[in-house]
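The next block holds one structure in the form of structure tokens; read it before the comments.
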Number of protein chains: 2
Amino acid sequence: MDVRIRAGTKEDCKEMQRMIMELAVFEKMPDQVKISHEDLERDGFGQNPFFECLVAEVPEEHKSKEGHTIVGYSLYFYTYSTWEGPVIHVEDLYVMQEFRGNGIGKGLLSKVAELGQKKRCQRLNMTVLDWNKSSLEFYAAKGAVDLTETEGWHFLRFHGQSLANLANQAPKD
Amino acid sequence: MDVRIRAGTKEDCKEMQRMIMELAVFEKMPDQVKISHEDLERDGFGQNPFFECLVAEVPEEHKSKEGHTIVGYSLYFYTYSTWEGPVIHVEDLYVMQEFRGNGIGKGLLSKVAELGQKKRCQRLNMTVLDWNKSSLEFYAAKGAVDLTETEGWHFLRFHGQSLANLANQAPKD
């Protein structure tokens, strides 16, 4: 299939928000999605953007059943390791069900990897749910290591009120 | 003890690099540290810095056995959740052994939380090794949730040659 992978723009945010929700439904946590396309527009395309993204686009004649031509996306950003320097972190990688098996996921992932290399990254990080075996196998087949298994890294979070409580105890300058 | 927590500067990078190595020794992975203080100076204090940091400083009369007055640090950066927006990620939080038990770790963590709140973050994320029970208890006592335990998130990485292989397969523009 003729698929174009390109940088996402402000105009893609509505389609991105639709797919963010589709991914959250797949991950069985749709209630956790609080983001709107306006939020994405502000946070990704204003001054000091928090993220960058790629979208996968098919020609009009291959559009989805519901009429979508944007059929996949990846949202990523740059972080830092105090052991190895710049890191590229893939927050989301998604391809619509009816377009899977065409190499679109691999195209998005390898494009993000290429962007990371250009910024001297030695690592591409991501988190995946332990029951999502198809994704774990997809990434493992391409060379990813599960560091929770091999080194014992656990993922911790302060959220909402816990974070506010912590902030309220900050020492005054 | 009279401890000052302040933003780290370029001039603190040598002391930061020393403590990064001390932390890696504690985490039993000192061989993984490839970073120099020059790398930290370039990556944190040039154009488009990859990270920000805080240091904990004690007065000269309370300096460490080896004569250090910078006795702790936290390195953090901003990331993004497609469900909840801006996130603050704590990459490292460290206090030298002989200065523990004085609230310095809590001071650093709560200060990072405060900075996160100012950028609208609803989440403070971090990763911790599963055998590091004292840190896991420290964070849990302050309200952190272990999402690897509760939701099953695993931490994956493409590293070095695996990342290069992936990048080499990127579709051409």
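Overview of values
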{"read-out": "Residues within segment A:135-147 that are more than 7 Å from every other protein chain (Cβ to nearest Cβ) and in contact with a His (Cβ under 8 Å, 6 or more places away or on another chain), tallied", "value": "1"}
{"read-out": "Failed item, numbered, when residue A:115 is tested on (1) under 22 Å from residue B:86 (Cβ atoms); (2) within 7 Å of another protein chain (Cβ to nearest Cβ); (3) outside any loop (DSSP other than H, G, I, E, B)", "value": "(2)"}
{"read-out": "Options B:34, B:28: the member that is under 23 Å from residue A:154 (Cβ atoms) and in a loop (DSSP other than H, G, I, E, B)", "value": "B:28"}
{"read-out": "Qualifying positions in segment B:122-134 - surrounded by fewer than 18 Cβ atoms within 10 Å (Cβ to Cβ) and either in a loop (DSSP other than H, G, I, E, B) or more than 7 Å from every other protein chain (Cβ to nearest Cβ) (or both)", "value": "B:130, B:131, B:132, B:133, B:134"}
{"read-out": "So residue A:92, is it within 13 Å of the chain's Cα centre (by Cα) and within 22 Å of residue B:78 (Cα to Cα)", "value": "yes"}
{"read-out": "Selected residue [in contact (Cβ under 8 Å) with a residue 40 or more places away in the chain and either closer than 30 Å to residue A:47 by Cβ or of a type outside the set (D, E, K, R) (or both)] from B:139, B:78", "value": "B:78"}
{"read-out": "Condition met for residue B:113 (buried (at least 18 other Cβ atoms within 10 Å of the Cβ), touching an Asp or Glu at 6+ places or on another chain (Cβ under 7 Å) and either of a type in the set (Gly, Ala, Ser) or touching a residue at least 60 places away in the same chain (Cβ under 8 Å) (or both))", "value": "no"}
{"read-out": "In segment A:45-86, the residues that are more than 21 Å from residue B:163 (Cβ to Cβ), not charged (D, E, K, R) and not in a loop (DSSP other than H, G, I, E, B)", "value": "A:45, A:55, A:62, A:70, A:71"}
{"read-out": "Residue ID - surrounded by the most Cβ atoms within 10 Å (Cβ to Cβ), chosen from residues in segment A:148-163 that are at the interface with another protein chain (Cβ under 7 Å from one of its Cβ atoms) and within 22 Å of residue B:120 (Cβ to Cβ)", "value": "A:158"}
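Quick note: the coordinates plus some simple rules give every number you see, no bench work behind them. Bear in mind the structure is a predicted one, so any value in this text is a computation, not a measurement. FYI the Cβ positions are ideal-geometry reconstructions off the backbone, even for glycines, and counts take in every protein chain you see.
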